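The values are calculated or read from the model by the stated rules, or taken from the named source; none is laboratory data. These figures come from a predicted structure and were not determined experimentally. In case anyone asks, the SASA skips ligands and DNA or RNA and just uses the protein heavy atoms, side chains included. Shrake-Rupley method; radii C 1.70, N 1.55, O 1.52, S 1.80 Å.
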Amino acid sequence: MTGLTRRQWLLAAASASAGTLAYPWLGRGAFAADKPVVAALFCGHIDDHGFMQAGYQGFKKAQDSLPIVARYKDKVANETRAQIAALRELATAHKPALIIAHGGQNTEAALTVAKDFPDIGFVVTQGAVTAGNLSSYDVRQEESAWLAGAYAALMTRTGIVAHQSGIRVPPGLRARASYAAGVRHANPDVKLLTNFSGNQDDKALAARVTRAQAKAGADIIYTMLNKGRDGTTQACRELGIKEIGNVTDWVAREPDVFIGSAWADVGIGVFQACQDLSNGHFQAGRIFKVGLKQPEAVRLIMARDTPEPIRQRIAALREEILNGTIQVEAEYTGPEFQL
């Protein structure tokens, strides 16, 4: 499917306003006051200080700066049946031109619902899936996660570092694999403890995993959690160990605990999908990727007191990823840390 030109987009809008439809895939009722309606699904809370909030901020930016009408639904369970129901609700209640399902955990649900609504465009962020009316927008958080792994291996004093996440979705699995590869590349003698607890938002569970990993010797923990991250952070503070965050700048937010953050502005994927629709460039059936080449989107943030030799090593490793000398791995086959 090809993107709409600006002239085609304006004609489509005019046709929709007049009650006829020049481009059937946009769907009758896809416009409100000559603006395309975009609906977004967030599985979790838009104020989680993590993945969902970053996506919502990208959506809010689109709402504030683009000629679109924005609708969204959050607090949806990370479970396929709930996601399918929520996507159907967005499709029928708002009759949007585009629905954005934020997060690769929505892949199966988006594929299912997209088949039933061929006149609506669909997007999965942090996804790797396509269909006739569906594209993916993928901010390659695994690249900053790889650098985070190398950084952890260079900064650890105990020789043991950890990783924590909740649900096993493709983006999280890829980022865990790349973090592990970064650890191994920087120092193969460093031991990695990696855990998926099954819940992104359970603070008590995250704290319990943290204490167990610290008891096993970890002095740096890389967290890929949503609201549950607060439990890890508080436990790290109490235990006197350090944390590396993801998605946003946790070093600036809580510098007493965080020594680094694998910045990956996943909200850029949400915003870009809205912008592409708005300017007539949206194309279904494609995967759009953003990575370290765009440092405003993907980079490793390090604490100010990071030793200069380590900063230089990280900078050199980044260049090796960019020039292809280092291939960022997508699969992990090592042991899992159990409570």
The set of residues whose placed amide H lies less than 5 Å from the amide H of Val69, leaving out same-chain residues fewer than 5 positions away, is Val37, Val38
Quick one: compute the contact order of the chain, relative version, from alpha carbon pairs under 8 angstrom and 6+ residues apart, as a percent.
-> 20
Rounded if a/c is under 1.5, else prolate if a/b beats b/c, else oblate: with a ≥ b ≥ c from the C-alpha gyration tensor eigenvalues square-rooted, which is the range 179-220?
-> oblate
Table column - 3J(HN,Hα) (Hz), the range 196-211, Karplus curve with 6.51, -1.76, 1.60, x for Gly and Pro = 10, 7, x, 8, 7, 10, 8, 5, 5, 5, 4, 5, 5, 4, 4, 5
At q = 0.08, 0.13, 0.16 Å⁻¹, the log10 of I(q)/I(0) for the chain from a Debye sum over equal Cα scatterers comes to -0.39, -0.91, -1.23
So what is the calculated 222 nm ellipticity per residue for the chain, using -39500 (n - 2.57) for each DSSP H run with n of 4 or more, over all residues, to the nearest 500 deg cm²/dmol?
-> -13000 deg cm²/dmol
Other-chain or far-sequence residues with amide H under 5 Å of Asp202's (modelled H) = Gly228
Expected vector for the range 288-300, Karplus 3J(HN,Hα) from phi with 6.51, -1.76, 1.60 and θ = phi - 60°, integer Hz, x for Gly and Pro, equals 9, 10, 10, x, 4, 5, 10, x, 5, 9, 9, 6, 9
Radius of gyration and maximum dimension Dmax of the range 205-257, Cα, Å | 10.0, 28
Roughly how large, in nm² to one decimal, is the mean projection of the convex hull of the alpha-carbon atoms in the range 104-196?
-> 6.1
Just list whichever of Lys75/Lys115; Lys115/Lys293; Lys35/Lys289 have alpha carbons separated by over 29 Å in the model shown.
-> Lys115/Lys293
Result for the range 29-87: accessible area per residue, probe 1.4 angstrom, in square angstrom, of 42
For the range 251-339, accessible area per residue (1.4 Å probe, heavy atoms of protein chains only), Å² = 52
What part of the accessible area of the chain, given as a whole %, is carbon or sulfur when the probe is 1.4 angstrom?
-> 50
Apply the Karplus parameterisation 6.51 cos²θ - 1.76 cosθ + 1.60, with θ equal to phi minus 60°, to every residue of the range 93-104 and state each ³J(HN,Hα) to the nearest whole Hz, in sequence, with x for glycine and proline.
-> 6, 10, 6, x, 6, 9, 10, 10, 9, 7, x, x
Report, to the nearest 10°, how far helix 107-116 tilts away from the longest principal axis of the Cα atoms in the chain, using its own Cα long axis and a range of 0 to 90°.
-> 10
Find the centroid of the Cα atoms in the range 96-127 and in the range 129-205, then give the distance between the two in whole Å.
-> 25
Amide H partners (placed H, <5 Å) of Thr248, local residues excluded | Ala264
The chain, Gaussian network, Cα under 10 Å: of Gln141, Gln234, Gln83, the residue fluctuating most is Gln234
For the range 212-309, would you read off the P(r) tail past 16 Å as a percentage of all alpha carbon pairs?
-> 63
Provide the three semi-axes, in whole Å and in decreasing order, of the ellipsoid equivalent to the range 137-291 as defined by the square roots of 5 times the Cα gyration tensor eigenvalues.
-> 29, 17, 13
